[in-house]
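The values are calculated or read from the model by the stated rules, or taken from the named source; none is laboratory data. Please read all numbers here as calculations on a predicted model, not as lab measurements. With ideal geometry, Cβ positions are generated from the backbone for all residues, glycine too; neighbour counts draw on all protein chains shown.
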Amino acid sequence: MKPKLIYVSNATLPSAAANAVHVALMCDAFAGLGCDVTLRAERGDGGSVAAHYALRHPYRVSYETRVTHYLWKTARRALAGLVSRDGETLYFGRRLATLSRLAHWGYPTGLELHHPPRTPTQVAALSAFVASPGCLGLVVISEQLRAEILRREPSLDPSRVLVAHDGTRADCIHAPRQHDRTVPRAVYCGSFHAGKGLETLLPAAAQVPDVQFDVIGGEPAQISALKAQAPANLHFLGRMSHEECQRRLPEYDLALAPYGSVVRGVKTPAHESLAAWMSPLKLFEYMGAGLPIVTTDLPVLREILQDGETALMPPPDDPTAFAQAVSRLAHDAPLRTRLAQSAQQRLRGYTWDNRAARILDFLGEAQRP
């Protein structure tokens, strides 16, 4: 019998959001390891989840409605009667409040965090989860986040916190290659949230007129607002499905991730910066596409990349330094090849399949007598 895994998430699928990509591909990897996976998520604008993310392995998606969401939040004892307590079902995911309750009721539960709790309710839910009989452990996306969680939860056994950075699909790893073209092409793929890099990218592109910059992502209104500020060599391609974006990436010469010293997400509060503990999905996908990378020198990114060895990493919030790094890489083919090859050697340990296997081993170890 296949082990059952219920992945509890509030991601909207299908969508272009990074958390949706992460959840969809992690469930795909769990299914590929032989798990009978059910994903609890919110319904997107329509379309096939399998097609949108080019999934390899089938799994069920149980879409939340307002009624079921209300039940999951408020009818705690009713919920305990609705879910299996057969000991063969593992509950895992990123929906803190629900997973904390499941662990409190004794169900074997693992929790993944991509940032520390942000509200008093979330702080209490994490503390309750850690103290619950069903708590198998925490999975976090960076060493810096692990240190922050252990600082906030001093009673938590450090061995029960696993660092698992984001990753990419093994079948989407392409060998680095050089393109025979006169004008080098650079790509940025991602959202337009503050600190993700558009503030640096637009003025940097203006300083490197002999490189073409393509930007994948963004809402129509955001693109319209930025077009007036964009130099002639920067083009907005709009939002694409994850599958199409992955297919296009190998066409480029270099990839860009000009993070600022302060990075915001969809719901990032004013007092917090994702730059402290993020594990950017785009970096792994760039590496998988065989692209050399220019990103910024943030401590959390040094967990993944090394300046001059696997990427060029100028200081954040400095368009001129970023432009100089882009120009250097764009006009040095041997350097592009060396950086891309070195990054891919490191990438072999960062596939979704490897990540899923590590998580299952980690949670399974906690269940052993």
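Look at GLN222 and say whether it is crowded, with 20+ Cβ neighbours inside 10 Å, in contact (Cβ under 8 Å) with a residue 24 or more places away in the chain, under 20 Å from ALA20 (Cβ atoms) and of a type in the set (S, T, N, Q). For GLN222, the condition - crowded, with 20+ Cβ neighbours inside 10 Å, in contact (Cβ under 8 Å) with a residue 24 or more places away in the chain, under 20 Å from ALA20 (Cβ atoms) and of a type in the set (S, T, N, Q) - is not met. Out of LEU283, LEU291, one residue alone is buried (at least 24 other Cβ atoms within 10 Å of the Cβ) and in a loop (DSSP other than H, G, I, E, B). It is LEU291. Consider the stretch 178-191. How many of its residues are in contact with a strand residue (DSSP E or B) (Cβ under 8 Å, 6 or more places away or on another chain) and surrounded by 13 or more Cβ atoms within 10 Å (Cβ to Cβ)? Matching residues across the stretch 178-191 total 7.
Can you confirm whether the stretch 255-272 contains a residue that is in a helix (DSSP H, G or I) and assigned by the TED database to the domain that holds GLN212?
No: zero hits.
Here is a check on your reading of the model: is VAL23 in contact with a Ser or Thr (Cβ under 6 Å, 6 or more places away or on another chain), in a strand (DSSP E or B) and modelled with pLDDT of 85 or more?
Numbers: in contact with a Ser or Thr (Cβ under 6 Å, 6 or more places away or on another chain): yes; in a strand (DSSP E or B): no; modelled with pLDDT of 85 or more: yes.
Criteria not met by VAL23.
Out of ALA175, ALA170, which single residue is of a type in the set (A, V, I, L, M, F, W, C), loosely packed, with under 15 Cβ neighbours inside 10 Å and within 24 Å of the chain's Cα centre (by Cα)?
Details: ALA170 fails: loosely packed, with under 15 Cβ neighbours inside 10 Å.
Checking each option against the conditions leaves just ALA175.
Just so you know, in the stretch 39-54 the residues that are modelled with pLDDT under 95 and buried (at least 16 other Cβ atoms within 10 Å of the Cβ) include one that is farthest from HIS242 (Cα to Cα), and it is ARG40.
Would you mention how many residues in the stretch 246-274 are more than 28 Å from HIS174 (Cβ to Cβ), surrounded by 15 or more Cβ atoms within 10 Å (Cβ to Cβ) and β-branched (Val, Ile, Thr)? Counting residues in the stretch 246-274 that are more than 28 Å from HIS174 (Cβ to Cβ), surrounded by 15 or more Cβ atoms within 10 Å (Cβ to Cβ) and β-branched (Val, Ile, Thr) gives 2.
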